[in-house]
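These notes are about the structure you will find just below.
The values are calculated or read from the model by the stated rules, or taken from the named source; none is laboratory data. This structure is a prediction, so every number in the text was calculated from the model and none was measured. Cβ atoms come from the backbone with ideal geometry, glycine included; neighbour counts cover every protein chain shown. Only protein heavy atoms, including side chains, enter the accessible area calculation; ligands, DNA and RNA are left aside. Shrake-Rupley method; radii C 1.70, N 1.55, O 1.52, S 1.80 Å.
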Amino acid sequence: MAGDLEGFNFEQRHGKDRVRVARVWRTPDGRNSMVEWEVSISLFSDCVDAYTRDDNSGIVATDTMKNTVYVKAKECSEQLSMEQFAILLAKHFTSYYKEVTAAVVKIVEKPWERVYVDGQPHEHGFKLGSEKHTTEVTVKKSGVVKLTSGIAGLSVLKTTKSGFEGFIRDKYTALPETQERMLATEVTASWRYSYDTLSSIPRDHLYFQERYMDVKKVLLNTFFGPPKEGVYSASVQSTLYQMARAVLARFPDISAVQLKMPNIHFLPVNISTKDNPSMVKFNDDVYLPTDEPHGSIQASLSRFWSRM
């Protein structure tokens, strides 16, 4: 919360970070579902006197925020997406406390995935996956909402159908042009939904979980292309743009997409000695994987009326 204080511009917020909670839902037929979330909360509130007058009467204690996470998780008798849980928490803080003008809730979901045994989904068994589902929700006391979801740590690689040529060459350039290379990256993606009020949020408790899976599928399909022939990538930049554009084209309720895609290098290996000039002669087969240093590519794509 910002304001004028003794001739200065003063901004403040407070909250609780890294509140870890796991929730299990059990159906009468014996099937269990579970999530593990790391929750961070920030509250904008009218508690300036705590900073200037040693008066804490306007502060919601951060320990109270932590306890609220567990209470609200307990109250969720039906399985829900973490976006819905974040909205529930933010709505609670802005409606329950008159001092709170806005709440920001961030959640990262640990990627537990149901295991399959002999081709059948296990009723209560899970294994840890890789990429993480993320969300950030801002709710104001007026009911205005800003909702983003995302993916962190989505590692992808293809061994062909990638090149890089036609870039600026000068006296500092040593990189050869190529139409054949490996392409690897770790995608960090975020997308903003067009819903801007609490009343406009879909009522289906798993809507955003399903949308997350659908967006991830579109990103992967665009990166790889058809299973037989694939799709050629002229650069990480080109592939990034195609991925972002595919998401906006497929989902009308997503107004903006941001992608970060570092170029993780697989360098051709050539080894020679005086006695053996072709000890290892590269033929699109042996590479040195390295992630330092790596190229850094990021961009956002939005509809004209959106603000990412």
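Details
- Within segment 30-71, the residues that satisfy the criterion of being out of contact with any strand residue (DSSP E or B) (no Cβ under 8 Å at 6 or more places or on another chain) and at pLDDT below 95 are ASP49, ALA50, ARG53, ASP54, ASP55, ASN56, SER57.
- Per this entry, ASN270 is counted among residues that are over 17 Å from the mean Cα position of the chain (by Cα) and without any contact (Cβ under 8 Å) to a residue 24 or more places away in the chain.
- Within segment 1-70, strands (runs of 3 or more DSSP E) holding 2 or more residues that are open to solvent by 60 Å² or more (accessible area, probe 1.4 Å) and among the charged types (D, E, K, R): 14-26
- Residue count for segment 218-237, restricted to those that are aromatic (Phe, Trp, Tyr) and either touching a helix residue (DSSP H, G or I) at 6+ places or on another chain (Cβ under 9 Å) or in a loop (DSSP other than H, G, I, E, B) (or both): 2
- Of everything in segment 225-237 that is within 24 Å of ASP214 (Cβ to Cβ) and under 23 Å from the mean Cα position of the chain (by Cα), the residue that is least open to solvent (accessible area, probe 1.4 Å) is VAL236.
- All of SER199, SER130, SER155, SER142 fail the test of being open to solvent by 30 Å² or more (accessible area, probe 1.4 Å), assigned to a helix (DSSP H, G or I), farther than 23 Å from ALA249 by Cβ and polar (S, T, N, Q), apart from SER199.
- Residue-level check: of (1) under 23 Å from GLY129 (Cα atoms); (2) out of contact with any strand residue (DSSP E or B) (no Cβ under 6 Å at 6 or more places or on another chain); (3) of a type in the set (Gly, Ala, Ser), ALA174 misses just (1).
Residues are listed down the side, and each one gets a yes or a no for (1) in contact with a helix residue (DSSP H, G or I) (Cβ under 9 Å, 6 or more places away or on another chain); (2) surrounded by 13 or more Cβ atoms within 10 Å (Cβ to Cβ):
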position	(1), (2)
ARG211	yes, yes
THR239	yes, yes
MET243	yes, yes
SER255	yes, yes
PRO262	yes, yes
PRO268	no, yes
SER278	no, no
SER296	no, no
LEU301	yes, yes
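- Selection status of VAL108, in contact (Cβ under 8 Å) with a residue 60 or more places away in the chain, within 17 Å of THR135 (Cβ to Cβ), under 22 Å from the mean Cα position of the chain (by Cα) and open to solvent by 30 Å² or more (accessible area, probe 1.4 Å): yes
- Per-region count, segment 204-214, residues assigned to a helix (DSSP H, G or I) and over 10 Å from HIS133 (Cβ atoms): 4
Yes/no per residue for (1) within 30 Å of ALA102 (Cβ to Cβ); (2) touching a helix residue (DSSP H, G or I) at 6+ places or on another chain (Cβ under 6 Å); (3) without any contact (Cβ under 8 Å) to a residue 60 or more places away in the chain:
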{"residue": "GLY129", "(1), (2), (3)": "no, no, yes"}
{"residue": "HIS133", "(1), (2), (3)": "yes, yes, no"}
{"residue": "GLY143", "(1), (2), (3)": "yes, yes, yes"}
{"residue": "PHE167", "(1), (2), (3)": "no, no, yes"}
{"residue": "TYR172", "(1), (2), (3)": "no, no, yes"}
{"residue": "THR185", "(1), (2), (3)": "no, no, no"}
{"residue": "THR188", "(1), (2), (3)": "yes, no, no"}
{"residue": "SER194", "(1), (2), (3)": "yes, no, no"}
{"residue": "THR197", "(1), (2), (3)": "yes, no, yes"}
